[in-house]
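For reference, the structure is listed below as structure tokens.
The values are calculated or read from the model by the stated rules, or taken from the named source; none is laboratory data. Every value quoted in this text rests on a predicted model; they were computed, and no experiment measured them. Cβ placement follows ideal geometry from the backbone for every residue including glycine, while neighbour counts extend to all protein chains displayed. To get the accessible areas, we keep the full protein, side chains included, count just its heavy atoms, and leave off ligands, DNA and RNA. Shrake-Rupley method; radii C 1.70, N 1.55, O 1.52, S 1.80 Å.
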Amino acid sequence: MIQATLMLTLSEIFRRLSWIGLGYFLALNSIYLILITVAAVNLGDYFRRKPFSGFQDALKSPVTLPVSVLIPAHNEETGIVESARAVLSLDYPQLELVIVDDGSTDLTFERLRDAFDLVEIPMLVPELVPTIGHIDSVHIARGLDDVTVIRKQSIGQKTDALNAAINIAKYPLLCIVDADAVLDEDALIKVTMPFVDDPQRVVATGGAIRPSNGCTAYRGRITEVGMPKNWLARIQVVEYLRAFLLGRTGWSKLGALLIISGAFGVFRRDLIIDIGGYNQGSIGEDADLVARLHKHMKTNKTPYRIVFVSEPVCWTEVPENITILRRQRRRWSRGLLETIWSNPTLLMNPRYGTLGLLALPYFVLFEILGPIVELTGFVTLIVALAFHFVNFYFAGLFFTAAIFYGILLSILSLFIEEVSYHRYDKWRFLFQTIISALVENFGYRQMHAYWRLEGVIQALRRSDRSWGSMPRKGFIPSETP
Amino acid sequence: MTKILIADDDQDIVELVNYKLTQSGYEVTAVADGKAALEMAREVHPDLMILDVMMPFHSGIDVTLEARKDPELSKVPIILLTAKSMEQDTERGFAAGATDYMTKPFSPRELLSRVQAVLARDV
Amino acid sequence: MRFALVASVLLLSVLILLMLIATGIIRLVRTRSEKRSLANRAQLRLLFVKFVSEDLDPAELRQLKTSRLTELDELSEAMLSKVKGRAKDILVSFLESRGTVEQAIRRTTRSGYLGRCRAAAFLGHVGSPQARKPLEAMLRDRKRDVRTTAARSLGQLGDTKSVPLLLSGLDNGRRLLPFSTVLVALMRIGSSGQDLVGDALRAAGERQRAAAAEFLGLMGSIKFTATLSDLLSNDPSLDVRIRCARALGRIGSPNAIATLTRCIERDNPIGLRAVSCGALAAIGGREVAATICQLIDEDDYQISLAAAKAVSQMGPAGTEYLNQIANSGSPGSPYAKEVLARRAARMAGKVRHPSES
């Protein structure tokens, strides 16, 4: 008798849970559908206007703001010289390159010294934003190339290297680039165009990132776009299209862009100095910087825009093995939670408009709690099926609907990419992306949810400890792509 | 016959220059990127090179620098043809070792005169 | 419930299928049309090149099929921005004879804004004088892209009569023109427009004054030295004052020295002081060098550095001063040392010509 009641209650609980699960899937995917629609409209507009955007004029304009390109490097001897040369040959009226050699133990510095004929100069580096690691020496290139290399003691934090670079940068715009990012020739002008068009309001811009795996590169430039051989990377190609290209375009259009990738973003230097540069020891330092920028602008009641540029001009290698991918995703998830955590006033605050009322609640509900719901749903479904709490047929339908909705979003993203940038121009690539969009939902999605959950747990565990006391070897390339 | 190598990724410009120079009695070889430009230059030993600055693989400036390092090409006059017109771009071009610098939009007739002048100076 | 689920699964699969088919069709159409237009263009190009080089009897063109002629129009349009001189004149007269210019002028008042943009851009490339009026009317267009494209095209036309309208577009209430676009357009029109731009130094709008100051500096318009100096001391906008200081440096008239020297004094904003240092250095003179040198010892590093940099640009006298400061051990000596080292490095590169190495 008791047992029967228990079974009944349990089955009731499971029924309720499955309703919550259904609601969750519906809400998440529908929000994404809205984001993608907003992004598609915006992208279409961008495309039609492109011939008249006047970036050729901006290249010749004497008032196009000069840019300091900042590259933090830790043990990057293999690619650093090529990356540096690629930056110097970007199509841009005036730029300088600042490389921070953050305590490399390999030949990073020697390679740079030989390539650019570096010479040490005496320099007092102003402490505009706080740094921890001691600056050993400052070197500049002989000749016309405007290259500065800072050698500093490493504290194992990318943020410290970036802050040192911010202190030494001399131009009004800062471009943060990962040492292993591959930029297109017109990358910088495309991403600074919003500053040219709307100099009063634009304070930061972010560039779209795509996986470089499978592409052919020559001397630090992508010469032929290709598809990775590895399926994990192929799935990420679709993921980057859906989440980063369209998701961020959508958020940007809604005025609620929270993440500008550390792999490629441009900021106004004066404002970065005002907000004290990067938060030392922060895990999601790029999201954290943007969050504080939003806060700063709102506090000063200055109208501002943070713009995502959808044009694919920056390529970066994505993990092809599960262990590394897991570590990366764990950190993204943890970084995001910590960012929201350390800027609690933003959440649900009407003063921050769409960011406070839409984007951040979305991140909390779907990016942070999402994995919990998703995994619970998955486990519940299996348990419920095993004990016949739910009808097998019903569960199957429910599961199929959820997955099909996800697939539809991915295919929609592929469609939008096809009508807009169509960078994956071979028929083979099209088929491969379509298959990735299908396969993604079986296994990858569930693993991803688990990794993100791990990140959330890590963040909760460590929240009482100081974040600064976490020495690492080397940087993990950008926290967010 | 005087041999001229032209490298530009814009097919319209290549054809136009090619025609103009061929009509004027030069032997023209055309390529579309910086890598091909270097390879072709080493093969045909041109008497003059006309290079676009922004092109795939190697920029015109890179090709100039490479050519100057190559004993067989170091003396070949180079005209850079480019959309970049700012002072520091010109400065960079000449510092790399270019003989002359022309900005786009360009006049085909002017280019021809410059080619003739550069070749005359060289002889 | 079950019905709803079944229906949604069906709907979703239909949608997925539709999207897939649409993607495929778009790709197919795109590949086909790209291939075709490439082939067409390659075929036409030789004819076209001959035509531009005046080696083709225009009568031969008239024999072409209409579709061919339309393609030729497109090719000519694409070529317009790539050539100048005689070759461009030929293209323009060909396009004029085809009636494309009138057509574009008609299109400037069309309802679709992209059509208006395209027309404006085309008229700019062609550069025919009759396009000025319609383009000027477009400066007040509802759409920002149309206004910007029209401004750019007016620059290409190069008629000084457009200068006042371009400048007033900077303060057009809600229908603004971007600063950079106006400045580039003014530079294309060139120094013949400087008197009209000079008038804008007295304009009510801040952005107009800023653009005028910037332009006059870039053009080196010496006759506006007095007006710019006046604005430098009295303009309510710091941005305008800084641009005036930079402009006076570019112009290089010694008459500006007194005003600029006042601007490097302590009670002025740092940005203005730093730019004024550079401007003074550009004008030059031994007394000026002495004045700037005093700033190197100041406690704000931006001023010290700007001053040291300025002095380093003042020839042998400046170098001499800098060396003195570098060796004096004064608060400014690290900055003097830094600037000297930087210059030495830059010069080292210049001396070693690649062909010599």
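Quick one: would you say C:ALA336 is at the interface with chain A (Cβ under 9 Å from one of its Cβ atoms) and in a helix (DSSP H, G or I)? No: the conditions fail for C:ALA336. Annotation: B:ALA7 fulfils all but one of (1) open to solvent by 50 Å² or more (accessible area, probe 1.4 Å); (2) touching a helix residue (DSSP H, G or I) at 6+ places or on another chain (Cβ under 9 Å); (3) not aromatic (Phe, Trp, Tyr); the unmet one is (1). Within segment A:407-422, the set of residues being more than 21 Å from C:SER13 (Cβ to Cβ) and at pLDDT 90 or above comprises just one member, A:GLU417. Scanning segment A:204-251 for residues that are at pLDDT 90 or above and touching a His at 6+ places or on another chain (Cβ under 9 Å) gives a single hit, A:GLU239. Identification of helices (runs of 4 or more DSSP H) wholly contained in segment A:1-109 with 2 or more residues that are within 13 Å of chain C (Cβ to nearest Cβ) yields A:2-49, A:55-60.
What's the number of the condition A:PHE394 fails, among (1) open to solvent by 20 Å² or more (accessible area, probe 1.4 Å); (2) touching a Leu at 6+ places or on another chain (Cβ under 9 Å); (3) in contact (Cβ under 8 Å) with a residue 60 or more places away in the chain; (4) within 14 Å of another protein chain (Cβ to nearest Cβ)? With respect to (1) open to solvent by 20 Å² or more (accessible area, probe 1.4 Å); (2) touching a Leu at 6+ places or on another chain (Cβ under 9 Å); (3) in contact (Cβ under 8 Å) with a residue 60 or more places away in the chain; (4) within 14 Å of another protein chain (Cβ to nearest Cβ), A:PHE394 is out only on (3). Taking the conditions (1) within 25 Å of B:SER24 (Cα to Cα); (2) within 14 Å of chain B (Cβ to nearest Cβ); (3) touching a Phe, Trp or Tyr at 6+ places or on another chain (Cβ under 9 Å); (4) modelled with pLDDT under 85 in turn, C:LEU47 satisfies each one other than (3). Evaluating C:ASP297 against the criteria (1) surrounded by fewer than 24 Cβ atoms within 10 Å (Cβ to Cβ); (2) of a type outside the set (Ser, Thr, Tyr); (3) within 22 Å of A:PRO126 (Cα to Cα); (4) modelled with pLDDT of 90 or more leaves one unmet condition, (4). Filtering segment A:191-236 to residues that are within 14 Å of chain C (Cβ to nearest Cβ) and hydroxyl-bearing (Ser, Thr, Tyr) leaves only A:THR192. Counted as qualifying within segment B:10-75 are the helices (runs of 4 or more DSSP H) with 1 or more residues that are under 19 Å from A:GLU185 (Cα atoms) and facing chain C (nearest Cβ under 10 Å), namely B:60-69. State whether one or more residues within segment C:108-116 are within 14 Å of chain B (Cβ to nearest Cβ) and open to solvent by 50 Å² or more (accessible area, probe 1.4 Å). Within segment C:108-116 (the criterion being within 14 Å of chain B (Cβ to nearest Cβ) and open to solvent by 50 Å² or more (accessible area, probe 1.4 Å)), the answer is no, since none of the residues qualifies. Which one is farthest from the chain's Cα centre (by Cα) among residues in segment C:201-214 that are over 20 Å from C:GLY252 (Cβ atoms) and open to solvent by less than 10 Å² (accessible area, probe 1.4 Å)? Within segment C:201-214, the match that is farthest from the chain's Cα centre (by Cα) is C:ALA210. Looking across segment C:178-211, the residues that are aliphatic (A, V, I, L, M) and farther than 20 Å from C:ARG144 by Cβ come down to C:MET187, C:ILE189, C:LEU196, C:VAL197, C:ALA200, C:LEU201, C:ALA203, C:ALA204. With the condition kept exactly as written, say whether any residue in segment B:109-118 is open to solvent by less than 60 Å² (accessible area, probe 1.4 Å), closer than 28 Å to A:GLU224 by Cα and in contact (Cβ under 8 Å) with a residue 12 or more places away in the chain. Scanning segment B:109-118, I find no residue that is open to solvent by less than 60 Å² (accessible area, probe 1.4 Å), closer than 28 Å to A:GLU224 by Cα and in contact (Cβ under 8 Å) with a residue 12 or more places away in the chain, so the answer is no. Checking every residue in segment A:71-82 against the condition of being open to solvent by 20 Å² or more (accessible area, probe 1.4 Å), touching a strand residue (DSSP E or B) at 6+ places or on another chain (Cβ under 6 Å) and farther than 30 Å from C:ARG152 by Cα gives at least one match.
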